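> Here's a structure for you.
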Amino acid sequence: MSSIISVENLSKKYVIGLQGSGQRTLRDVMSDSLSAPSRWLRSLRSSNGVSLGRNGQHGSKVETFWALKDVSFDVKQGEVVGIIGRNGAGKSTLLKVLSRITEPTTGRVRIRGRVASLLEVGTGFHPELTGRENVYLNGAILGMTREEIKRKFDEIVAFAEIEKFLDTPVKRYSSGMYVRLAFAVAAHLEPEILIVDEVLAVGDFEFQRRCLGKMNAVAHSGRTVLFVSHNMTAIEELCSRSILLKNGVIERAGPTYEVVAQYLSSVPASSVWDVNEQVEREGTGNARITRIELLAVDSDATIEKLAFRQSFRLRIHYSASKRLTDPRFGFALQSDKGERIFLSETIDVNFRISAIEEGNGWFECRVSAPNLLPGLYFLESWIIERVNVSFADHIFRVGRIEICVDPAMQERMTYLTGPGRGRVFMDCEWSQPDLSGRAYVAR
(Lines give C-alpha, C1' and ligand atoms only; values in the text may rest on other atoms or scores of the structure.)
Protein backbone atom coordinates (compact mmCIF):
# COMPACT_ATOMS: atom_id res chain seq x y z
CA MET A 1 0.00 0.00 0.00
CA SER A 2 1.49 3.34 -1.04
CA SER A 3 2.10 6.20 1.38
CA ILE A 4 -0.50 8.97 1.36
CA ILE A 5 1.68 11.12 3.66
CA SER A 6 5.47 11.15 3.45
CA VAL A 7 7.55 13.29 5.81
CA GLU A 8 11.29 13.49 5.16
CA ASN A 9 13.78 15.17 7.52
CA LEU A 10 11.22 17.77 8.55
CA SER A 11 12.47 20.60 10.79
CA LYS A 12 10.84 23.82 11.93
CA LYS A 13 12.78 26.68 13.54
CA TYR A 14 11.35 29.68 15.36
CA VAL A 15 13.31 32.79 16.30
CA ILE A 16 12.87 33.86 19.91
CA GLY A 17 13.79 37.36 21.03
CA LEU A 18 12.23 40.79 20.97
CA GLN A 19 13.90 44.13 20.55
CA GLY A 20 12.52 47.25 22.14
CA SER A 21 9.01 47.32 23.53
CA GLY A 22 7.51 45.25 20.72
CA GLN A 23 5.17 48.10 19.68
CA ARG A 24 5.41 48.51 15.89
CA THR A 25 4.07 51.45 13.88
CA LEU A 26 3.87 52.01 10.13
CA ARG A 27 6.73 54.48 10.49
CA ASP A 28 8.87 51.80 12.19
CA VAL A 29 8.19 49.29 9.43
CA MET A 30 9.06 51.77 6.65
CA SER A 31 12.21 52.87 8.48
CA ASP A 32 13.31 49.26 9.02
CA SER A 33 12.75 48.43 5.35
CA LEU A 34 14.93 51.33 4.18
CA SER A 35 17.70 50.55 6.63
CA ALA A 36 17.65 46.75 6.14
CA PRO A 37 20.80 46.60 3.91
CA SER A 38 22.93 48.56 6.35
CA ARG A 39 21.61 46.53 9.31
CA TRP A 40 22.56 43.34 7.48
CA LEU A 41 26.11 44.59 7.02
CA ARG A 42 26.36 45.59 10.67
CA SER A 43 25.02 42.19 11.74
CA LEU A 44 27.95 40.51 10.03
CA ARG A 45 30.23 42.36 12.46
CA SER A 46 28.19 41.42 15.53
CA SER A 47 29.29 38.48 17.67
CA ASN A 48 28.06 36.01 20.30
CA GLY A 49 24.57 35.99 18.81
CA VAL A 50 23.93 39.61 19.90
CA SER A 51 21.92 41.56 17.35
CA LEU A 52 22.34 45.28 16.67
CA GLY A 53 19.14 47.23 17.08
CA ARG A 54 18.22 50.41 15.27
CA ASN A 55 20.78 53.21 15.30
CA GLY A 56 23.55 50.66 15.63
CA GLN A 57 22.92 49.94 19.29
CA HIS A 58 23.07 46.47 20.72
CA GLY A 59 19.65 44.88 21.09
CA SER A 60 18.45 41.72 22.77
CA LYS A 61 19.86 38.29 22.09
CA VAL A 62 18.16 36.38 19.30
CA GLU A 63 17.66 32.73 20.14
CA THR A 64 16.45 29.96 17.90
CA PHE A 65 14.05 27.23 18.96
CA TRP A 66 13.64 24.04 16.94
CA ALA A 67 10.05 22.90 17.40
CA LEU A 68 10.76 19.94 15.07
CA LYS A 69 14.13 18.36 14.26
CA ASP A 70 14.67 15.85 11.43
CA VAL A 71 11.27 14.20 11.73
CA SER A 72 10.63 11.45 9.19
CA PHE A 73 7.74 9.01 8.84
CA ASP A 74 5.23 7.63 6.33
CA VAL A 75 1.50 7.10 6.69
CA LYS A 76 -0.25 4.65 4.40
CA GLN A 77 -3.72 5.12 3.03
CA GLY A 78 -6.39 4.02 5.50
CA GLU A 79 -4.10 4.16 8.55
CA VAL A 80 -5.15 5.86 11.78
CA VAL A 81 -2.01 7.22 13.42
CA GLY A 82 -1.87 8.71 16.90
CA ILE A 83 0.57 11.49 17.78
CA ILE A 84 1.31 11.86 21.48
CA GLY A 85 3.76 13.72 23.69
CA ARG A 86 3.91 16.30 26.45
CA ASN A 87 3.44 20.06 26.00
CA GLY A 88 6.15 21.55 23.80
CA ALA A 89 6.91 18.21 22.15
CA GLY A 90 6.05 19.57 18.69
CA LYS A 91 2.66 17.92 18.08
CA SER A 92 0.75 21.04 17.07
CA THR A 93 3.64 22.35 14.97
CA LEU A 94 3.74 19.06 13.06
CA LEU A 95 0.01 19.17 12.36
CA LYS A 96 0.21 22.80 11.21
CA VAL A 97 2.98 21.91 8.76
CA LEU A 98 0.98 18.94 7.47
CA SER A 99 -2.09 21.17 7.14
CA ARG A 100 -0.05 23.75 5.18
CA ILE A 101 -0.73 26.41 7.80
CA THR A 102 2.99 26.97 8.33
CA GLU A 103 6.02 26.26 6.18
CA PRO A 104 8.84 23.96 7.32
CA THR A 105 12.34 25.36 7.75
CA THR A 106 13.93 22.30 6.17
CA GLY A 107 12.73 18.96 4.90
CA ARG A 108 9.85 17.91 2.72
CA VAL A 109 6.24 16.83 3.11
CA ARG A 110 4.35 15.02 0.36
CA ILE A 111 0.58 14.56 0.68
CA ARG A 112 -1.73 12.88 -1.81
CA GLY A 113 -5.38 13.76 -1.39
CA ARG A 114 -7.68 16.34 0.12
CA VAL A 115 -6.93 17.30 3.75
CA ALA A 116 -9.45 18.47 6.36
CA SER A 117 -7.95 19.84 9.59
CA LEU A 118 -9.49 20.59 12.94
CA LEU A 119 -6.68 22.21 14.92
CA GLU A 120 -8.22 25.12 16.79
CA VAL A 121 -11.76 25.89 17.87
CA GLY A 122 -13.49 28.12 15.35
CA THR A 123 -10.66 28.27 12.80
CA GLY A 124 -12.16 29.66 9.60
CA PHE A 125 -15.31 30.93 11.34
CA HIS A 126 -16.41 34.58 11.14
CA PRO A 127 -17.79 35.69 14.53
CA GLU A 128 -20.37 38.06 13.02
CA LEU A 129 -21.89 35.41 10.75
CA THR A 130 -24.53 32.93 11.88
CA GLY A 131 -23.98 29.22 12.28
CA ARG A 132 -25.79 28.61 8.99
CA GLU A 133 -23.58 31.10 7.13
CA ASN A 134 -20.42 29.72 8.72
CA VAL A 135 -21.25 26.19 7.60
CA TYR A 136 -21.12 27.40 4.01
CA LEU A 137 -18.08 29.63 4.63
CA ASN A 138 -16.07 27.00 6.49
CA GLY A 139 -17.07 24.27 4.08
CA ALA A 140 -15.89 26.40 1.14
CA ILE A 141 -12.59 27.10 2.91
CA LEU A 142 -12.12 23.36 3.41
CA GLY A 143 -12.76 22.72 -0.28
CA MET A 144 -16.43 21.69 -0.43
CA THR A 145 -18.60 22.87 -3.30
CA ARG A 146 -21.84 24.71 -2.55
CA GLU A 147 -23.87 21.76 -3.82
CA GLU A 148 -21.88 19.39 -1.60
CA ILE A 149 -22.49 21.59 1.45
CA LYS A 150 -26.20 21.88 0.62
CA ARG A 151 -26.50 18.10 0.28
CA LYS A 152 -24.85 17.48 3.66
CA PHE A 153 -26.18 20.56 5.48
CA ASP A 154 -28.91 18.82 7.51
CA GLU A 155 -26.53 16.04 8.54
CA ILE A 156 -23.89 18.57 9.65
CA VAL A 157 -26.38 20.56 11.73
CA ALA A 158 -27.85 17.40 13.30
CA PHE A 159 -24.37 16.14 14.26
CA ALA A 160 -23.43 19.53 15.77
CA GLU A 161 -26.77 19.76 17.65
CA ILE A 162 -27.10 23.51 17.10
CA GLU A 163 -30.48 23.59 15.32
CA LYS A 164 -31.88 26.02 17.88
CA PHE A 165 -29.00 28.45 17.38
CA LEU A 166 -28.47 27.98 13.66
CA ASP A 167 -29.32 31.59 12.82
CA THR A 168 -27.44 33.10 15.81
CA PRO A 169 -24.04 34.78 15.24
CA VAL A 170 -21.31 32.36 16.32
CA LYS A 171 -19.69 35.02 18.51
CA ARG A 172 -22.46 34.15 20.97
CA TYR A 173 -21.66 30.42 20.86
CA SER A 174 -19.97 28.64 23.73
CA SER A 175 -16.63 26.96 23.06
CA GLY A 176 -18.46 23.62 23.04
CA MET A 177 -20.91 24.80 20.35
CA TYR A 178 -17.99 26.18 18.33
CA VAL A 179 -16.10 22.91 18.31
CA ARG A 180 -19.21 20.81 17.62
CA LEU A 181 -19.95 22.83 14.52
CA ALA A 182 -16.30 22.96 13.41
CA PHE A 183 -15.86 19.20 13.78
CA ALA A 184 -19.17 18.48 12.05
CA VAL A 185 -18.15 20.48 8.97
CA ALA A 186 -14.64 18.98 8.83
CA ALA A 187 -15.81 15.41 9.40
CA HIS A 188 -18.50 15.61 6.71
CA LEU A 189 -16.07 16.93 4.11
CA GLU A 190 -15.17 13.30 3.39
CA PRO A 191 -11.50 14.09 2.88
CA GLU A 192 -8.85 11.53 2.05
CA ILE A 193 -6.99 12.74 5.16
CA LEU A 194 -8.52 14.01 8.43
CA ILE A 195 -6.21 15.78 10.91
CA VAL A 196 -7.63 16.28 14.41
CA ASP A 197 -5.94 18.02 17.35
CA GLU A 198 -7.05 17.84 20.98
CA VAL A 199 -9.84 20.37 20.52
CA LEU A 200 -12.38 17.64 21.25
CA ALA A 201 -11.58 18.00 24.94
CA VAL A 202 -13.94 20.98 25.18
CA GLY A 203 -16.93 18.85 24.23
CA ASP A 204 -19.01 16.87 26.69
CA PHE A 205 -18.69 13.09 27.05
CA GLU A 206 -21.52 12.28 24.64
CA PHE A 207 -20.10 14.57 21.96
CA GLN A 208 -16.60 13.10 22.38
CA ARG A 209 -18.09 9.61 22.02
CA ARG A 210 -19.82 10.59 18.79
CA CYS A 211 -16.66 12.25 17.46
CA LEU A 212 -14.63 9.13 18.14
CA GLY A 213 -17.33 7.10 16.45
CA LYS A 214 -17.22 9.39 13.43
CA MET A 215 -13.42 9.14 13.21
CA ASN A 216 -13.70 5.38 13.49
CA ALA A 217 -16.18 5.38 10.61
CA VAL A 218 -13.86 7.63 8.59
CA ALA A 219 -10.98 5.21 9.22
CA HIS A 220 -13.01 2.14 8.26
CA SER A 221 -14.05 3.83 5.02
CA GLY A 222 -10.43 3.66 3.86
CA ARG A 223 -9.51 7.25 4.65
CA THR A 224 -6.53 8.34 6.72
CA VAL A 225 -6.64 9.97 10.17
CA LEU A 226 -3.93 11.73 12.18
CA PHE A 227 -5.12 12.08 15.76
CA VAL A 228 -3.59 14.03 18.67
CA SER A 229 -5.19 13.32 22.04
CA HIS A 230 -4.52 13.23 25.77
CA ASN A 231 -6.93 10.31 26.01
CA MET A 232 -4.76 7.21 25.80
CA THR A 233 -7.85 4.99 25.74
CA ALA A 234 -9.06 6.78 22.60
CA ILE A 235 -5.57 6.56 21.08
CA GLU A 236 -5.40 2.81 21.72
CA GLU A 237 -8.96 2.26 20.53
CA LEU A 238 -8.58 4.16 17.26
CA CYS A 239 -4.91 4.00 16.30
CA SER A 240 -3.06 0.92 15.13
CA ARG A 241 0.21 2.87 15.11
CA SER A 242 1.43 5.90 17.07
CA ILE A 243 4.29 8.38 17.15
CA LEU A 244 5.77 9.72 20.40
CA LEU A 245 7.36 13.18 20.09
CA LYS A 246 9.74 14.63 22.65
CA ASN A 247 11.50 17.98 22.28
CA GLY A 248 10.77 18.06 18.57
CA VAL A 249 12.14 14.62 17.70
CA ILE A 250 10.52 11.21 17.33
CA GLU A 251 11.34 9.28 20.49
CA ARG A 252 9.44 6.20 19.39
CA ALA A 253 7.15 5.07 16.59
CA GLY A 254 5.43 1.73 16.29
CA PRO A 255 2.47 -0.27 17.60
CA THR A 256 0.26 1.97 19.73
CA TYR A 257 0.39 -0.15 22.88
CA GLU A 258 4.20 -0.01 22.94
CA VAL A 259 4.35 3.75 22.29
CA VAL A 260 1.69 4.54 24.92
CA ALA A 261 3.48 2.36 27.49
CA GLN A 262 6.73 4.27 26.95
CA TYR A 263 4.94 7.62 27.17
CA LEU A 264 3.18 6.73 30.42
CA SER A 265 6.38 5.41 31.97
CA SER A 266 7.85 8.93 31.72
CA VAL A 267 5.27 10.31 34.19
CA PRO A 268 7.07 10.93 37.51
CA ALA A 269 6.43 8.69 40.50
CA SER A 270 6.48 10.78 43.67
CA SER A 271 4.40 11.95 46.62
CA VAL A 272 4.53 15.65 45.74
CA TRP A 273 3.94 16.98 42.24
CA ASP A 274 4.71 20.59 41.40
CA VAL A 275 2.68 21.41 38.31
CA ASN A 276 4.82 23.13 35.68
CA GLU A 277 4.18 24.18 32.11
CA GLN A 278 5.36 20.80 30.75
CA VAL A 279 2.25 19.15 32.17
CA GLU A 280 -0.52 18.58 29.63
CA ARG A 281 -3.35 20.94 30.54
CA GLU A 282 -6.33 22.87 29.23
CA GLY A 283 -8.68 25.53 30.55
CA THR A 284 -9.32 29.26 30.84
CA GLY A 285 -6.46 29.80 33.29
CA ASN A 286 -8.64 31.79 35.70
CA ALA A 287 -7.44 29.37 38.37
CA ARG A 288 -4.53 26.96 38.09
CA ILE A 289 -3.51 23.88 40.02
CA THR A 290 0.03 24.47 41.27
CA ARG A 291 0.80 21.46 43.44
CA ILE A 292 -0.65 18.11 44.53
CA GLU A 293 0.47 16.17 47.60
CA LEU A 294 -0.17 12.52 48.51
CA LEU A 295 -0.47 12.48 52.32
CA ALA A 296 -1.07 10.04 55.15
CA VAL A 297 -4.49 10.10 56.82
CA ASP A 298 -3.35 10.96 60.34
CA SER A 299 -0.45 13.33 59.60
CA ASP A 300 1.03 15.58 56.93
CA ALA A 301 3.68 12.99 56.12
CA THR A 302 3.95 12.29 52.41
CA ILE A 303 3.49 8.74 51.07
CA GLU A 304 5.82 7.38 48.41
CA LYS A 305 3.80 4.19 47.77
CA LEU A 306 0.39 2.99 48.88
CA ALA A 307 -0.31 -0.45 50.30
CA PHE A 308 -3.39 -2.31 49.14
CA ARG A 309 -6.51 -0.63 50.68
CA GLN A 310 -4.41 2.00 52.45
CA SER A 311 -6.34 5.22 53.06
CA PHE A 312 -4.77 8.49 51.91
CA ARG A 313 -5.37 12.21 51.38
CA LEU A 314 -4.83 14.30 48.28
CA ARG A 315 -4.16 17.99 48.88
CA ILE A 316 -4.70 20.10 45.76
CA HIS A 317 -3.09 23.54 45.80
CA TYR A 318 -4.28 26.26 43.44
CA SER A 319 -3.66 29.87 42.45
CA ALA A 320 -6.65 31.94 41.25
CA SER A 321 -6.20 35.05 39.10
CA LYS A 322 -9.80 36.13 39.73
CA ARG A 323 -12.72 35.34 42.00
CA LEU A 324 -14.57 32.18 40.96
CA THR A 325 -18.15 31.61 42.08
CA ASP A 326 -19.37 28.10 42.89
CA PRO A 327 -16.34 26.20 41.48
CA ARG A 328 -15.86 22.43 41.52
CA PHE A 329 -12.64 20.58 42.32
CA GLY A 330 -12.01 17.02 41.24
CA PHE A 331 -9.46 14.33 40.51
CA ALA A 332 -9.34 10.95 38.83
CA LEU A 333 -7.04 7.95 38.65
CA GLN A 334 -6.28 6.31 35.33
CA SER A 335 -4.89 2.88 34.56
CA ASP A 336 -1.63 2.42 32.67
CA LYS A 337 -3.82 2.13 29.54
CA GLY A 338 -5.25 5.59 30.11
CA GLU A 339 -8.67 4.30 31.24
CA ARG A 340 -10.30 6.34 33.98
CA ILE A 341 -10.73 3.96 36.92
CA PHE A 342 -11.99 6.31 39.60
CA LEU A 343 -13.29 9.88 39.77
CA SER A 344 -14.33 12.17 42.60
CA GLU A 345 -15.60 15.76 42.60
CA THR A 346 -16.58 18.06 45.43
CA ILE A 347 -20.16 18.04 44.18
CA ASP A 348 -20.37 14.22 44.49
CA VAL A 349 -20.63 14.48 48.28
CA ASN A 350 -22.62 17.72 48.18
CA PHE A 351 -19.56 19.71 49.26
CA ARG A 352 -20.35 23.05 47.66
CA ILE A 353 -17.85 25.88 47.50
CA SER A 354 -19.56 29.27 47.37
CA ALA A 355 -16.49 30.95 45.90
CA ILE A 356 -12.71 31.07 45.90
CA GLU A 357 -11.03 34.44 46.04
CA GLU A 358 -8.11 35.69 43.98
CA GLY A 359 -4.89 34.28 45.41
CA ASN A 360 -3.60 30.93 46.63
CA GLY A 361 -5.30 28.15 48.55
CA TRP A 362 -5.90 24.40 48.70
CA PHE A 363 -8.59 21.78 49.06
CA GLU A 364 -8.24 18.25 50.29
CA CYS A 365 -9.90 14.91 49.61
CA ARG A 366 -9.65 11.85 51.87
CA VAL A 367 -9.98 8.44 50.21
CA SER A 368 -10.77 5.62 52.64
CA ALA A 369 -9.64 2.03 52.01
CA PRO A 370 -9.67 2.14 48.19
CA ASN A 371 -10.36 -1.18 46.49
CA LEU A 372 -7.85 -0.65 43.70
CA LEU A 373 -5.64 -3.64 43.00
CA PRO A 374 -1.85 -3.26 43.12
CA GLY A 375 -0.34 -1.55 40.09
CA LEU A 376 0.41 1.85 38.61
CA TYR A 377 -2.19 4.60 38.43
CA PHE A 378 -1.95 8.04 36.86
CA LEU A 379 -3.35 11.18 38.40
CA GLU A 380 -5.38 13.90 36.70
CA SER A 381 -7.10 16.83 38.39
CA TRP A 382 -9.27 19.82 37.50
CA ILE A 383 -11.07 22.98 38.58
CA ILE A 384 -14.40 23.68 36.90
CA GLU A 385 -15.95 27.14 36.67
CA ARG A 386 -19.60 26.61 37.44
CA VAL A 387 -20.71 29.87 35.81
CA ASN A 388 -20.02 28.64 32.28
CA VAL A 389 -19.36 24.97 33.15
CA SER A 390 -15.89 25.00 31.63
CA PHE A 391 -12.47 24.02 32.91
CA ALA A 392 -10.50 26.74 34.65
CA ASP A 393 -7.70 24.15 34.68
CA HIS A 394 -7.51 20.49 33.75
CA ILE A 395 -4.19 18.69 34.12
CA PHE A 396 -3.52 15.25 32.69
CA ARG A 397 -1.18 12.56 34.05
CA VAL A 398 0.54 14.97 36.42
CA GLY A 399 1.85 12.11 38.54
CA ARG A 400 2.07 8.38 39.00
CA ILE A 401 0.81 6.56 42.11
CA GLU A 402 1.93 3.03 42.88
CA ILE A 403 -0.19 0.66 44.94
CA CYS A 404 1.99 -2.14 46.26
CA VAL A 405 1.31 -5.74 47.11
CA ASP A 406 0.72 -6.25 50.82
CA PRO A 407 3.32 -8.85 51.96
CA ALA A 408 0.66 -10.56 54.10
CA MET A 409 -1.43 -11.11 50.96
CA GLN A 410 1.44 -11.73 48.54
CA GLU A 411 0.19 -15.06 47.18
CA ARG A 412 -3.45 -13.98 46.86
CA MET A 413 -2.59 -10.60 45.35
CA THR A 414 -0.33 -12.18 42.74
CA TYR A 415 -3.29 -14.28 41.63
CA LEU A 416 -5.74 -11.35 41.70
CA THR A 417 -3.51 -9.11 39.60
CA GLY A 418 -2.98 -11.61 36.81
CA PRO A 419 -3.99 -10.98 33.17
CA GLY A 420 -7.64 -10.14 32.69
CA ARG A 421 -8.31 -9.59 36.41
CA GLY A 422 -9.33 -5.95 36.05
CA ARG A 423 -8.40 -3.14 38.41
CA VAL A 424 -10.86 -3.29 41.31
CA PHE A 425 -11.12 -5.68 44.25
CA MET A 426 -14.65 -6.49 45.48
CA ASP A 427 -15.57 -8.34 48.67
CA CYS A 428 -17.61 -11.30 47.40
CA GLU A 429 -19.21 -14.36 48.98
CA TRP A 430 -19.85 -17.61 47.10
CA SER A 431 -22.20 -20.31 48.30
CA GLN A 432 -23.51 -23.73 47.29
CA PRO A 433 -26.33 -25.68 48.95
CA ASP A 434 -25.54 -29.22 50.06
CA LEU A 435 -27.99 -32.14 50.10
CA SER A 436 -29.30 -31.24 53.55
CA GLY A 437 -30.25 -27.77 52.36
CA ARG A 438 -27.51 -26.02 54.28
CA ALA A 439 -25.22 -23.68 52.42
CA TYR A 440 -21.45 -23.85 52.31
CA VAL A 441 -20.01 -20.34 52.32
CA ALA A 442 -16.49 -19.53 51.23
CA ARG A 443 -14.76 -16.16 51.23
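> Can you figure out the FRET efficiency of A301 with E345, using R₀ = 22 Å and their beta-carbon distance, to the nearest 0.05? Working shown, then result.
Details: r = 26 Å, r/R0 = 1.19.
So the FRET efficiency works out to roughly 0.25.
> Can you compute the modelled spin-label distance between I16 and R309, with each label point 7 Å from Cα toward Cβ, in nm?
With each label point 7 Å from Cα toward Cβ, the separation is 5.1 nm.
> Can you run phi through the Karplus equation (6.51, -1.76, 1.60; θ = phi - 60°) for segment 366-381 and list ³J(HN,Hα) in whole Hz, with x for Gly and Pro?
Rounded to whole hertz, the list is 9, 10, 9, 6, x, 8, 6, 6, x, x, 9, 10, 10, 9, 10, 8.
> Tell me which residues come under 5 Å, amide H to amide H, from F425 once H is placed; ignore anything under 5 positions away on its chain.
Counting only residues 5 or more places away or on other chains, the set is L372, L373.
> Can I ask one more? Counting only protein heavy atoms and a 1.4 Å probe, tell me what percentage of segment 208-289's accessible area is made up of carbon and sulfur. Provide the component values of the computation, followed by the final result.
Working: 1620 of 3330 Å².
Here it works out to 49 percent.
> Also: Once ligands and nucleic acids are excluded and a 1.4 Å probe is used, how much of R291 is accessible, expressed in Å² to the nearest 10?
Accessible area of R291: about 90 Å².
> How far, in nm, would the chain grow between R209 and V272 when pulled straight, counting 0.36 nm per residue and subtracting the alpha carbon separation? It would help to have the intermediate numbers written out before the result.
Details: separation 63, 0.36 × 63 = 22.68 nm, distance 3.33 nm.
Length gained, R209 through V272: 19.3 nm.
> Now, a different point. Give a residue-ordered list of calculated ³J(HN,Hα) values for segment 209-218 (Karplus: 6.51 cos²θ - 1.76 cosθ + 1.60, θ = phi - 60°; whole Hz; x for Gly, Pro).
Whole-Hz 3J(HN,Hα) from phi for segment 209-218: 4, 5, 5, 5, x, 5, 5, 5, 5, 4.
> What FRET efficiency do you get for T102 and C404 if R0 is 41 Å and r is their Cβ-Cβ distance, rounded to the nearest 0.05?
FRET efficiency, T102 to C404: 0.30.
> Highest mean first, how do 214-223, 256-265 rank when packing is the count of other Cβ atoms within 10 Å averaged over residues? Could the numbers behind the result be given before it?
Numbers: 214-223: 15.8, 256-265: 17.9.
The packing order, highest mean first, is 256-265, 214-223.
> If segment 77-216 were replaced by its equivalent ellipsoid, with semi-axes equal to the square roots of 5 times the Cα gyration tensor eigenvalues, what would those be, largest first, whole Å? Before the final figure, lay out each step's value.
Values: eigenvalues 126, 58, 45 Å².
After diagonalising the Cα gyration tensor, the semi-axes are 25, 17, 15 Å.
> Mind listing the Cα extents of segment 106-185 along all three principal axes, in Å, largest one first?
Computed over the Cα atoms, the extents are 46, 27, 20 Å.
> Also, I was wondering about something else. Taking H as built 1.01 Å from N, whose amide H comes closer than 5 Å to the amide H of R288, not counting residues under 5 places away?
S319, A320, S321
> How large is ³J(HN,Hα), in whole Hz, for each residue of segment 293-298 in order, when computed from phi with the Karplus curve 6.51 cos²θ - 1.76 cosθ + 1.60 and θ = phi - 60°, using x for Gly and Pro?
Karplus values, whole Hz, x for Gly and Pro: 10, 9, 10, 5, 6, 9.
> What aspartates and glutamates could a cross-link reach from K305, if we take a straight Cα to Cα line under 14 Å and drop same-chain neighbours fewer than 8 places away?
The reachable aspartates and glutamates, counting only those whose Cα sits under 14 Å from K305, are E293, E402, D406.
> Quick one: if the Förster radius is 41 Å, what FRET efficiency do Y257 and L137 give, using the C-beta to C-beta distance and rounding to 0.05?
E between Y257 and L137, to the nearest 0.05, is 0.50.
> When all protein chains stay in place, what accessible area (Å², nearest 10, 1.4 Å probe) is found for I149?
The value for I149 is about 0 Å².
> Shifting gears a bit: Within segment 218-238, find all residues whose amide N lies under 15 Å from a label point positioned 7 Å from the Cα of Q77 along Cα-to-beta-carbon.
219-225
> Further question: K91: which lysines have alpha carbons under 26 Å from its alpha carbon, excluding same-chain residues fewer than 8 sequence positions away?
Qualifying lysines at Cα under 26 Å: K12, K13, K69, K76, K214, K246, K337.
The values are calculated or read from the model by the stated rules, or taken from the named source; none is laboratory data. Being a predicted model, the structure only gives us computed values, none of them experimental. With ideal geometry, Cβ positions are generated from the backbone for all residues, glycine too; neighbour counts draw on all protein chains shown. What goes into the accessible areas is simple: the full protein's heavy atoms, side chains included, and nothing from ligands, DNA or RNA. Shrake-Rupley method; radii C 1.70, N 1.55, O 1.52, S 1.80 Å.
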